[in-house]
Amino acid sequence: MNPAPSSSATDAAPVLQAAGLRKSFLSGEGSIEVLRGVDLSVMAGESVSVRGESGCGKSTLLNLLSGLDTPDAGTLTWAGHPPRGDRRAAFLGMVFQSFYLIPELNALDNVLMAARMLKPPGAAERARAADLLARVGLAPRATHLSTQLSGGERQRVAVARALMNSPQLLLADEPTGNLDERTGDAVIELLLELCRETRTALVLVTHNAVHAGKTSRHLSLHNGVFQ
Amino acid sequence: MPWYLYLALKQLFPAGRKFPFFTAISVLGVALGVMVLVVSTSVMGGFGREIRRWTVDTTGDVQVRADGGINRPADFLAQLTKVPGVVAATPFAEGVVMLEHNLKPSYPAVRGIDVERVEAVTPLSKYIYFGKLDDLDDDSVILSSQLAAAIGARVGDKVEVYSPLLIEALKSDEAYLGRELRVCGIFEIGHQALDSSLVFVTLRTMQDLYGRRGSADGFDVKITPGLDPDEAAARINAALPPALHGHARSWMEINHDLIFILQLEQNMIFFLLTFIIIVAAFSVTSSLLISVVRKTREIGLLGALGGQPRQVAACFCFQGLVIGMAGTVTGLALGATVLTFRDNIVAAFTRLTQSEAAIERFYQFKQLPAHYSASYITAIIVCTITVCTLAGLLPAWRAARLKPVEALRSE
Ligand SMILES: Nc1ncnc2c1ncn2[C@@H]1O[C@H](COP(=O)(O)OP(=O)(O)OP(=O)(O)O)[C@@H](O)[C@H]1O
Ligand SMILES: [Mg+2]
């Protein structure tokens with residue numbers, strides 16, 4: 001729908017630009033301000049890690065960046081345009097801590113689901129989905145239902161799905177939180193490698209210092225702002 | 001196929017599950033409702049058809065009667081056939097007689113017919129299964145099947161017939177002998193009242209029995225196929241000479257009360273049985289609602305993947321539609337099967353309850369009639385699919401209202 005123009009003008013514009021993002025939630029009698037003016041700019045090909053203690057608002061921030069939630073104040077642009085729900089499928093991919101695969105579908109169809117959001121998939125999309133599954137090492141399991149896959153395998157399917165539409169931006173919220181160390185490392189390696197290949201901008205929320213260290217930029221969220 | 005329709009089908013018929021239980025049960029509920037509706041409206045429609053058949057096949061599309069009788073039937077016939085839309089007409093005379101065989105009396109209605117003309121109006125021969133209509137002459141009679149059985153008369157037997165003239169004769173002390181008629185045929189129309197108490201003689205015999213030589217009570221009329229019988233009756237009425245005091249009525253008008261009651265019953269049954277479908281639709285709603293709650297996080301995920309709320313709604317609404325369509329198709333098939341084997345089913349039922357005779361007496365039929373009415377079938381299909389789609393609306397609305405952020409947070 002909105003093919004990214006490959007002109008240098010777009011390359012120059014940040015894939016993601018947020019300025020002064022604020023978000024507060026009602027809790028009990030008062031309201032708590034979780035984000036107090038977050039500024040963030042991510043260029044194509046860049047990878048940013050976000051760390052911070054539990055409850056500091058990392059997931060809240062990703063929800064704002066993905067356009068799923070609206071900020072109380074501040075501005076957000078996707079490749080220079082205001083975020084719109086009907087552009088999300090083409091513009092960004094998301095990976096969550098829990099894997100959220102659709103249990104009625106097999107691994108391949110779960111990956112293809114992202115493509116379906118844009119249009120009914122053709123041979124090219126099928127080939128790409130199979131390719132991505134092969135890249136995450138799950139080619140032999142393409143026809144297995146998601147309930148038949150292990151946690152690590154499911155997360156790899158989710159990574160493949162997030163990259164299916166060749167998004168400009170990938171938002172990952174503790175993608176290794178439910179995985180053992182070795183599997184987690186493998187998933188992060190895969191994520192970084194795939195993003196590097198396609199110059200996909202990556203925002204990675206993680207508690208793991210080693211994983212965070214592998215990104216090109218490191219941020220930490222504290223008291224509602226980046227330190 | 002858009003993703004939401006694809007996902008709806010996948011949720012109804014998940015891959016890897018051999019038998020989609022939720023779907024099958026929902027579909028079955030709807031199908032049972034549709035089946036009952038199809039069967040009952042078709043049987044009611046069959047009753048309507050039967051009324052038409054036995055009326056039109058014995059007295060024509062339109063019947064003309066004159067209060068004082070028609071004294072010059074031949075002249076009247078010539079006038080009648082000039083009316084546009086009238087294809088053929090045949091005179092008749094009616095009355096009641098006492099008929100006796102082997103000292104077994106019966107009191108049938110008797111209809112005098114013009115053997116030459118009657119077949120042009122009503123297909124009587126079709127119903128005569130012993131003997132022939134052509135054999136009917138002024139000294140013979142055709143009996144109805146149950147009457148013949150009751151008095152033990154067979155083709156070739158002689159029966160004695162006494163008319164009301166006997167009473168007149170007794171009053172004036174004249175000698176009156178019954179008239180001896182030979183049984184030349186036995187008919188069965190499939191309508192209990194007609195099959196137990198109607199006999200046919202020639203018009204001339206009937207005139208003799210009632211002492212009204214040369215006159216007829218009225219005419220049975222056949223009209224151009226496709227012409228509205230009421231319209232034809234109106235045309236005939238307009239053409240009748242006022243002096244005749246005659247009146248033409250269509251078969252519908254003759255059976256007006258019966259047809260009215262039947263139509264009323266058919267509509268009532270349709271209305272009441274529609275509630276079965278509505279109840280089935282409620283179960284569709286509740287199982288879809290459960291599925292919305294169960295799939296809260298997946299619905300959140302669909303939002304994160306770029307799905308719009310109205311598309312998520314369409315996904316669930318479409319499931320209701322599919323269940324409705326599958327239920328309709330299954331129900332129609334079940335209904336058609338039941339109707340095909342309806343006689344076996346009724347037979348088994350009556351054997352169980354030993355109520356065969358009672359049912360036949362009450363409903364006037366040996367066999368259960370059935371007639372598919374296009375309008376009722378259409379109404380059933382439209383009604384079922386609409387109701388089931390509506391059943392999907394509430395779950396769809398719930399699903400669309402889920403905020404992806406909150407849905408994803410839910411555990
Ligand atoms: N919908 C909501 N209503 C009320 N409070 C909320 C809501 N969403 C988030 N919060 C609060 O906002 C704060 C930040 O939550 P968030 O989920 O963003 O934390 P986090 O940094 O992702 O934590 P973790 O590392 O444990 O995932 C928490 O205190 C949480 O209770
Ligand atoms: Mg979080």
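The values are calculated or read from the model by the stated rules, or taken from the named source; none is laboratory data. None of these values were measured; they are calculated from a predicted model. Virtual Cβ from ideal backbone geometry, glycine too; neighbours counted across all protein chains shown. With ligands, DNA and RNA removed, areas are computed over all heavy atoms of the protein, side chains included. Shrake-Rupley method; radii C 1.70, N 1.55, O 1.52, S 1.80 Å.
Along the positive direction of the dipole of chain B (beta-carbon charges: Lys, Arg +1; Asp, Glu -1; about the Cα centre), which of B:W54, B:I290, B:Q354 reaches farthest?
B:I290
Need one word for chain A: rounded, prolate or oblate. Basis is the Cα gyration tensor (sqrt eigenvalues a ≥ b ≥ c); a/c below 1.5 gives rounded, then a/b vs b/c decides.
Because a/c hits 1.5 or more and a/b exceeds b/c, chain A counts as prolate.
Taking a threshold of 20 Å on the Cα-Cα distance, which of the pairs B:K10/B:K295; B:K104/B:K132; B:K104/B:K126; B:K82/B:K126 fall above it?
B:K104/B:K132; B:K104/B:K126; B:K82/B:K126, as the Cα separations exceed 20 Å there.
Given a cut-off of under 8 Å on Cα pairs at least six residues apart, what relative contact order in percent is computed for chain B?
This gives 28 percent for chain B.
Placing unit charges on C-beta atoms (Lys and Arg positive, Asp and Glu negative, everything else neutral), compute the dipole magnitude of segment B:86-223 about its Cα centre in debye, rounded to 20.
Details: 14 positive and 21 negative charges, 45 e Å.
Its charge dipole is roughly 220 debye.
If amide H atoms are built 1.01 Å from N in the plane of the peptide, which residues on other chains or at least 5 residues away come under 5 Å of the amide H of A:F96?
Sorted by chain and number, the residues that satisfy this are A:D173.
Residue farthest toward the positive end of the dipole of segment B:86-223, with Cβ of Lys/Arg at +1 and Asp/Glu at -1: which of B:P108, B:A153, B:I128?
Positive-end residue among those listed: B:I128.
Give the shape of segment B:86-223 as rounded, prolate or oblate, defined through the alpha-carbon gyration tensor: a ≥ b ≥ c are the square roots of its eigenvalues, a/c under 1.5 means rounded, and otherwise the shape is prolate if a/b is larger than b/c and oblate if not.
oblate
Quick one: net charge around B:V159, please, counting Lys, Arg +1 and Asp, Glu -1 for every other residue with C-beta under 9 Å from its C-beta.
My count for the surroundings of B:V159 gives -2.
Per-residue Cβ counts within 10 Å, from other chains only, averaged over A:107-119: what number is that? Don't skip to the end; give the middle numbers.
Numbers: counts 0, 0, 4, 0, 0, 2, 8, 3, 1, 9, 9, 2, 2.
That works out to 3 on average.
Quick one: 3J(HN,Hα) in Hz for segment B:28-33, Karplus 6.51/-1.76/1.60 with θ = phi - 60°, rounded, Gly and Pro as x.
Working through the residues one at a time gives 5, x, 5, 4, 4, x Hz.
By the gyration tensor of its Cα atoms, with a ≥ b ≥ c the square roots of the eigenvalues, what is the shape of the protein assembly as shown: rounded for a/c under 1.5, prolate for a/b over b/c, or oblate?
Numbers: a/c = 4.59, a/b = 3.77, b/c = 1.22.
Note, shape of the protein assembly as shown comes out prolate.
Can you work out the Karplus-derived ³J(HN,Hα) for every residue in segment B:38-55? Use 6.51 cos²θ - 1.76 cosθ + 1.60 with θ = phi - 60°, whole Hz, and x for glycine or proline.
4, 4, 6, 5, 5, 5, 4, x, x, 4, x, 4, 5, 4, 4, 4, 6, 6
On average, how many beta carbons from a partner chain sit within 10 Å of the beta carbon of a residue in A:62-68?
4
Evaluate the relative contact order of chain A (contact order divided by residue number), counting alpha-carbon pairs under 8 angstrom at least 6 apart; express in whole percent.
30
Rounded to the nearest percent, how much of the accessible area of segment A:83-224 (1.4 Å probe, protein heavy atoms only) is carbon and sulfur?
So the carbon and sulfur contribution to the accessible surface is 49 percent.
Output the 0 to 90 degree angle, nearest 10, between the alpha-carbon long axis of helix B:374-401 and the longest principal axis computed from the alpha carbons of chain B.
Approximately 20 degrees, to the nearest 10.
Quick one: 3J(HN,Hα) in Hz for segment B:206-213, Karplus 6.51/-1.76/1.60 with θ = phi - 60°, rounded, Gly and Pro as x.
Here the 3J(HN,Hα) series is 4, 4, 5, 4, 9, x, 10, 4 Hz.
Pairs of Cα atoms under 8 Å, at least six residues apart: use those to get the relative contact order of segment B:86-223, whole percent. The partial results should precede the final answer.
On the way: 308 pairs, mean separation 54.4, N = 138.
Here the relative contact order equals 39 percent.
Over the whole of B:2-14, what's the average partner chain Cβ count within 10 Å per residue? Rounded to a whole number, please. Don't jump to the answer; show the numbers that get you there.
Working: counts 4, 11, 2, 1, 7, 6, 0, 1, 6, 4, 1, 1, 5.
Shielding by partners across B:2-14 averages 4.
Expressed in nm to one decimal, what extension gain is obtained for the pair B:E265 and B:L289 from 0.36 nm per residue of sequence separation less their Cα-Cα distance?
Net length gain for the segment: 5.0 nm.
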